[in-house]
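Chemist: Let me begin by handing over the structure; questions about it come next.
Values in this text are rule-based calculations from the coordinates and carry no lab data. Being a predicted model, the structure only gives us computed values, none of them experimental. Cβ placement follows ideal geometry from the backbone for every residue including glycine, while neighbour counts extend to all protein chains displayed.
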Amino acid sequence: MSAGVGSNTVSGACNNGGFLKGDRAMASEMKRSFCRICHAACPIDVEFDGDQVVKIHGVEDDPLFEGYTCIKGRQLPDQIHHPDRLREVLKRMPDGHYEPIPSEQAMDEIAEKMGAILAEHGGRAVATYTGTGGYQNAPSDPVARSFHKAIDSLSYYTSVTIDQPMKRTAVMRIGAWAGGPQNFTELDVLLAIGYNPMVSSFAPFGGLQGTNPFTTLRRLKDRGMKVIVIDPRRTELASQADIHLQVKPGEDPALLASMLHVILSEGLHDHEFCEQWVEPGHLEALADAVSAFSPEYASERCGVAADDIVSAARTYAEAARAHAGTGTGPSMSPHPSLMEHLVISMNVVTGRFLREGEVGESMSVLQPAAPVRAQVLGPIDPLRGPASRFRGLRGYGGEMPCSTLAQEITEPGPEQVRCLISNGGNPVAAWPDQKRSLEAMDALELLVVIDHRMTQTAQFADYIIPPRLSLERADVPPFMDRWFREPYACYTPAVVEPVGDLMNDWEVFWEIAERLDVDLELPGGVIPHGDRPTDDDVLDLIYAHSRVPFQTIRDRNGEVLPELRPTVEAADPATSGSFHIGLGDHMEELAQVRGEQSGAERMEGYDPAVHTFRLISRRLKTHLNSLGGELPGLNRKNPTNYAHMNPEDMADLGVVDEGLVKISSPRSSLIGVAKGASDLRRGAISMAHSWGAAGPTDEKVRDIGAPTNRLIDVDNGYDTITGQAIQSAIPVSVVAVTEDALINA
Ligand code: SF4
């Protein structure tokens, strides 16, 4: 079946805008699209030789990206045409080997098995996990959610609850400003805590996004913006910082509390804003709770100079316009909800929000229109959702916490999950606590994996469904749409004709729904039954109430829509919202932090004499989670997820570059390949996640890396609000080992 490949041809005569030069002007054909390897959604021109994609070019006349792409996006030709790419449905046979079968047959068999599980055990027995791949495909998540409503299943999970669930819950608990943050391009100070968009191409809302980050940062610095970075590593962003607080891993809460103490004790907060919008008593409660975190105390605890803490706090608070935000570093470390609460509190007490009459620079074009007002929305309690069977956790925002899913699968009971659809994800590589994940994959009655390659998870699947890849789909960027620093229209038709028996993610859910005879309801109505609709039909239904008519977004692809910049309206006179920055549980947690010697004490089994290092998470330019190793242009640059260490630590341990180290947490051990990195502070060891084998040993570490999620324990030191496991700043021991360890580990 045709995926509805659009022309979207970029002709040299009409659309070159001066960017087709030399031999590119002679290229056979060029089609405009956007990259969906990661969230950044860089516009690209796809160069063809016949039906082969041969090269990816940045779009130099794009108003936001100005030609920017990264090395991952430039590998799209290899991804599309990779000889090992799955192009037929694979079914596991009784002896364990896989046989190709037609997708029609697969859908019949899956629907029959799933229907039997639903009939016998009810909706919760069927779960979906939507991973990173599903999030770069606009219809994937909405249709999967709709499918779960249709089969009355609460068992919906996404990768959001692996790394940054507190981004939602913290703002729900503290309150949200309906006028939005101060405009990024007008900031005087950017405070970036544990994020590095030069590599991750991602940042918190209001921060430096992956939209052409190098040029954007240079321009803002030239204009006078100061940059403060808190990170244990001198990252690409930290190397541009005016102040770099090279904090000990896992001690960010103490550092933020100290900065808040400086701001509040010196009266540097926005008195008028706090008077009007902070719940009575909460400013005082916060000031009291952080008063125990003097700069001298925080200096000792966090390993940074007290003067630098004071200077960073004053620089941030005295700026007219500033933004503080966190990335996955602190969000995956101990005390993650508290940490997010403190960062939002930094923005609240200094009033970092657009006020009545100001004009915002950013606005979603895909979301429905909503009032932009100078007032607080909420707070609301996120913890009213359905109960998980584990650790007293609850679902929120239409999904359940991913850290419990393996146990939901393995633990018997009436609500046990028996069927899992992995939708563009790789649970064995990505879920925290790999031992439990492996047990879960074995325990499932039915595992359906939507993936284009044989991953660590796919090798457990009963059915592997090969999807259409990005250039083969019509699409929009559902996440970046909200975070682009201008109202910006981005849409692509499919530009590559798919080869093989491939299905878009949403088509898998639709095909099963057809066989189960249930309706998939989207904002614009039910997806039609009968003949399979197109991607565009489904996009029209998802974005039926978008702020800009969806056809306009198609027509104005690649344009800034300045007419959508919002002017902040006055507060609703009836509003009663206020910021709750002194929440009792977080103030108590601050006292606990003050009583600790180290954040590592959150983990039972931590022994300060043994676990003298902290393993921190690391993003790679060449990989996005488990994606990248299969592409030769990326694999050559990073054949393994190196264990980066400070060279002085390596010398003390007798470890050499490319030597092996055994890294042990209270939960388990792995073998890593050491690499010296003088940009890391001593005592930190930095590795990328989602690598390695689906098993307990690391024989092939030099070729495929080692899984850091083996070191993680979802039951030990978890965040009680979100269930977030400690996945960074993990207390570990590190010793040099020989090649023998690969066999005997
Ligand atoms: S930053 Fe992300 S979207 Fe842009 S080219 Fe790289 S992988 Fe693609």
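Chemist: What is the Cα radius of gyration of the chain over 2.2 N^0.38 Å, N being its residue count?
Modeler: Computed over Cα atoms of the chain, the ratio equals 0.93.
Chemist: Still on this structure, I have one more. Enumerate by residue number the trypsin sites (Lys or Arg not before Pro) in region 23-95 meeting two conditions: DSSP loop (anything except H, G, I, E, B), and at most 15 other Cβ atoms within 10 Å of the site's Cβ. Don't jump to the answer; show the numbers that get you there.
Modeler: On the way: sites: Arg24, Lys31, Arg32, Arg36, Lys55, Lys72, Arg74, Arg85, Arg87, Lys91, Arg92; in loops: Arg36, Lys72, Arg85, Arg87.
Answer by residue number: Arg87.
Chemist: Of all alpha-carbon pairs in region 115-229, indicate the percentage at a distance above 23 angstrom.
Modeler: I get 51 percent for the Cα pairs in region 115-229 exceeding 23 Å.
Chemist: Would you order His452, His611 from fewest to most other beta-carbon atoms within 10 Å of each residue's own beta-carbon?
Modeler: Listing His452, His611 from fewest to most nearby Cβ atoms yields His611, His452.
Chemist: Are any of the pairs Lys31/Lys637; Lys662/Lys700; Lys72/Lys621; Lys72/Lys675; Lys72/Lys637; Lys435/Lys675 more than 19 Å apart by Cα-Cα distance, and if so, which?
Modeler: Lys31/Lys637; Lys72/Lys675; Lys435/Lys675
Chemist: Sticking with this structure for a sec: Taking Lys91 as the anchor, which aspartates and glutamates have their alpha carbon closer than 12 Å to its alpha carbon, excluding any fewer than eight residues away along the same chain?
Modeler: The reachable aspartates and glutamates, counting only those whose Cα sits under 12 Å from Lys91, are Glu99, Glu109, Asp462.
Chemist: I would also like to ask the following. Under a cut-off of 26 Å between alpha-carbon atoms, report the lysines in cross-link reach of Lys149, not counting same-chain residues fewer than 8 places apart.
Modeler: Correct list for Lys149: Lys113, Lys167.
Chemist: Another question, if that's okay. Only helical DSSP H runs with n ≥ 4 go in: add -39500 (n - 2.57) per run for the chain, normalise by residue count and round the 222 nm mean residue ellipticity to 500 deg cm²/dmol. Walk me through the numbers before you get to the answer.
Modeler: Numbers: 28 runs with 223 residues, N = 745.
Computed ellipticity for the chain at 222 nm equals -8000 deg cm²/dmol.
Chemist: With only Lys, Arg, Asp and Glu charged, each at its Cβ (+1 for the first two, -1 for the last two), find how big the charge dipole of the chain is about the Cα centre; round to the nearest 20 debye.
Modeler: 1160 debye
Chemist: Compute the projected area of the convex hull of the Cα atoms of region 166-356, averaged over all viewing directions, and report it in nm² to one decimal place.
Modeler: Result: 9.8 nm².
Chemist: If one computes the Cα centroid of region 248-327 and of region 505-543, what distance in Å separates the two points?
Modeler: Between the Cα centres of region 248-327 and region 505-543 lies a distance of 49 Å.
Chemist: Which order, highest average first, do 601-607, 349-355 follow once you tally other Cβ atoms within 10 Å for each residue and take the mean per peptide?
Modeler: The packing order, highest mean first, is 349-355, 601-607.
Chemist: I need the phi-derived Karplus couplings for region 494-503: 6.51 cos²θ - 1.76 cosθ + 1.60, θ = phi - 60°, integer Hz, Gly and Pro marked x.
Modeler: Ordered by residue, 3J(HN,Hα) equals 5, 10, 10, 6, x, 10, x, 8, 9, 9 Hz.
Chemist: Taking each pair of distinct Cα atoms in region 578-733 once, what is the resulting Kirkwood hydrodynamic radius in Å?
Modeler: 16.8 Å
Chemist: Need the C-alpha centroid separation for region 146-222 versus region 587-612, integer Å.
Modeler: Using only Cα atoms to place each centre, the spacing works out to 28 Å.
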